[in-house]
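Student: My questions will all concern the structure given below.
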Amino acid sequence: MPGRNLGEPPRAPTMDVLRLIFALIGVASLVLGYLGLDDFLKGNAHPLDLLYYDLQLFVLGSPPLDDGGTFPVPLEIARFTAPAVTLYAFIEAGRLVFATELRRLRVRQARNHVIVCGDGMIANTLARRLRSDGERVVTVPSGAVPTTPGARRVARAARDPDLLGAAGVGRARALYACTDDSAANTAIALAAARHGRHGQRSPLSVYAEVADPELCLALQARHLGLTGQPGARVDFFHIDDLAARKLLTQEPPVPVHDRPPRVVVLGATAFGRSVLVELARRWRVRDPQDERPIPLALVDGDANQAREQLTQRFPFLDRVCRITAYDGDLATFLSAGGFPLPPDRVFICYDDEQRALKTALTAEQLWHGEPGSVVVRLDRLANLRDAFGGPGERLLDDLSGTLRLYGVVRAACDPELIGDDLARVIHESYVAARHRRGERPEETPALVPWERLPETLRVANRAQAEDFGSKLRELGCALSPRVGPGEEYTLAEPEIERLAVLEHERWVRERTANGWRYGEPRDDARRLHPAIGPWESLGAEMRARNHDAIREMPVILADAGFRIVRVRHA
């Protein structure tokens, strides 16, 4: 279904043609009227009087014509075509006024639609993707709200309840804040969350795009730290993280000649760091015992600093990857000779797109991998991939398929990717732990990638993630983003016991709300489970599972880039 915009509806091509035709008729009427009046008055009128009488033809009256008579042909034509132009103008004006009001009324009455705030590249790409998925989309452009002196338009839009109300936020299914200002996006998300979703069974899902990955992580930590979630689900996302996730989901790392692939990442940019982390996540599932770490070269002017920051933020990196940092450019890396060449996969991640493309097209030492092995991060130049298209279409050689131009915005603007970051990490940590114990997907159906996980299990992971804040507050602790050095709090055994009881009680509430009840033996088809009951009734094995879940919580949070810190004594 076509999307909707607040304000004047888009004009169809046929309407533009019709307007052009009537504009030409108006000009012709003006010329014919002037010539006809001059002929009718025998040249006895001043040119300005002729023009005045001519213009009056458009309002159904001109003094020289009041007495009737036989008029020259040009004047005869003009006295009918000029009022027709005026009539069309009135009809068109009324149509625009009523169409705009009708559209606003329909938007206000819309239900289960999606709102996209912003008019930049990210917002436009996301809106197109949502429409192609069959969603009803209401777009709120950055200039939809009038500005006041000293106030930014988008920030004002974020705090304007009338604008969000006009977009139908109270009945919307989801809202995406994707302006070019991360602070405004956060304000829009919070304002939308306060509106909630009136009279709807499911809460409004609100997503705010944040350009700074560390700020994005910090905002996620503060939202996850809430003891009770508001009437809307709020999440913050970063474009480079989503693009890297999609890239490595589609093309996960695989062994090469029965050894880990050799990987080179050029540029410790936000995308380069996201690629490195996501690569490690995928390899960890394939190699759960951490026996064969991936040899990875990180090449950047501040590569060693970036490596230190990443391994501090994500402790599992040192186990999964053998990262060698090269401070400098590609030439420095090639001359160092400390990394086995040629690499199997190369990710060129510079923010400078021309530099990235130039590197890909000139560094022949990187061209020896399989098709698609040299990935070039592009944004506004992403359309250049058409020049390297399929046979019969390409204008430039793609090095026998080795070169892959990757548009991050287009890849990241996938609604299926946005949100659920911590829930996804919970599931991946669960899968990795079960693989380490030797379990296989055929034995445990839940041991599948997040993308293939049933929605019921996704909901369970979301509920577990949303309860972390409540558990930590019980201990006087909070979540902190691992963006620098800090002291990590270690849970004591009495605290593990205390949280295990809370986790069991949360699980029982979730199961019973979905129709499960106590029953032995377990029967998923009939929704029977022997653990549904008070903590005191649980056997040792069931209690141990809850204890293990709490012991794994700090590890899961560390995998997602968070740490537990003590705020006060419980």
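Student: Could you please find all residues in region 449-475 being in a loop (DSSP other than H, G, I, E, B) and modelled with pLDDT of 85 or more?
Tutor: Passing the criteria: Leu453, Pro454, Asp467, Leu475.
Student: While we're looking at this one, here's another question. Determine which member of the set Arg511, Arg551, Arg545, Arg498 is among the basic types (Lys, Arg), assigned to a helix (DSSP H, G or I) and touching a strand residue (DSSP E or B) at 6+ places or on another chain (Cβ under 8 Å).
Tutor: Testing whether each residue is among the basic types (Lys, Arg), assigned to a helix (DSSP H, G or I) and touching a strand residue (DSSP E or B) at 6+ places or on another chain (Cβ under 8 Å) leaves just Arg511.
Student: Inside region 36-58, can you point out the residues that are small (Gly, Ala, Ser) and assigned to a helix (DSSP H, G or I)?
Tutor: Gly36
Student: When you scan region 311-328, do you find a residue that is under 22 Å from Pro371 (Cα atoms), touching a residue at least 24 places away in the same chain (Cβ under 8 Å) and among the hydroxyl-bearing types (Ser, Thr, Tyr), even just one?
Tutor: No, there is no match, as no residue in region 311-328 is under 22 Å from Pro371 (Cα atoms), touching a residue at least 24 places away in the same chain (Cβ under 8 Å) and among the hydroxyl-bearing types (Ser, Thr, Tyr).
Student: What residue, of Asp302, Asp235, Asp240, is free of Cβ contacts under 8 Å to residues at least 40 places away in the same chain and out of contact with any Asp or Glu (no Cβ under 6 Å at 6 or more places or on another chain)?
Tutor: Asp302
Student: Looking only at region 400-448, count how many residues are under 30 Å from Asp379 (Cα atoms) and modelled with pLDDT of 80 or more.
Tutor: The total comes to 25.
Student: Same structure again: For region 250-284, which residues satisfy the criterion of being exposed (fewer than 15 other Cβ atoms within 10 Å of the Cβ) and more than 20 Å from His368 (Cβ to Cβ)?
Tutor: Gln250
Student: Applying the selection to region 88-102, what residues are surrounded by 13 or more Cβ atoms within 10 Å (Cβ to Cβ) and modelled with pLDDT of 80 or more?
Tutor: Of everything in region 88-102, those that are surrounded by 13 or more Cβ atoms within 10 Å (Cβ to Cβ) and modelled with pLDDT of 80 or more turn out to be Tyr88, Ala89, Glu92.
Student: Tell me which residues, restricted to region 514-536, are at pLDDT 90 or above and not in a loop (DSSP other than H, G, I, E, B).
Tutor: Scanning region 514-536 gives Arg517, Tyr518, Leu528, His529, Trp535, Glu536.
Student: Determine whether Ala82 is assigned to a helix (DSSP H, G or I), in contact with a Gly (Cβ under 7 Å, 6 or more places away or on another chain) and at pLDDT 80 or above.
Tutor: Against the criterion (assigned to a helix (DSSP H, G or I), in contact with a Gly (Cβ under 7 Å, 6 or more places away or on another chain) and at pLDDT 80 or above), Ala82 qualifies.
Student: Follow-up question, since we're still on this one. Would you mention how many residues in region 247-278 are among the aromatic types (Phe, Trp, Tyr) and at positive phi?
Tutor: Qualifying residue count for the region: 0.
Student: If we keep just the residues of region 62-79 that are surrounded by 12 or more Cβ atoms within 10 Å (Cβ to Cβ) and outside any helix (DSSP H, G or I), which is modelled with the highest pLDDT? Working first, answer last.
Tutor: We begin by selecting, within region 62-79, every residue surrounded by 12 or more Cβ atoms within 10 Å (Cβ to Cβ); these are 62, 64-65, 71-72, 74-79.
Next, only the ones that are outside any helix (DSSP H, G or I) stay: 62, 71-72.
Numbers: Ser62: 81, Phe71: 83, Pro72: 86.
Going through the qualifying residues, I end up with Pro72.
Student: Which number in (1) more than 21 Å from Leu65 (Cα to Cα); (2) at pLDDT 85 or above marks the one condition that Leu30 misses?
Tutor: Failed condition: (1).
Student: Now, a different point. Considering only residues that are over 22 Å from Arg131 (Cα atoms), in contact with a strand residue (DSSP E or B) (Cβ under 9 Å, 6 or more places away or on another chain) and part of a loop (DSSP other than H, G, I, E, B), which ones fall in region 398-419?
Tutor: Within region 398-419, Asp398, Leu399, Thr402 qualify.
The values are calculated or read from the model by the stated rules, or taken from the named source; none is laboratory data. Because the structure is a prediction, the values reported are computed rather than measured. Cβ: placed from backbone, ideal geometry, glycine included. Neighbour counts: every protein chain shown.
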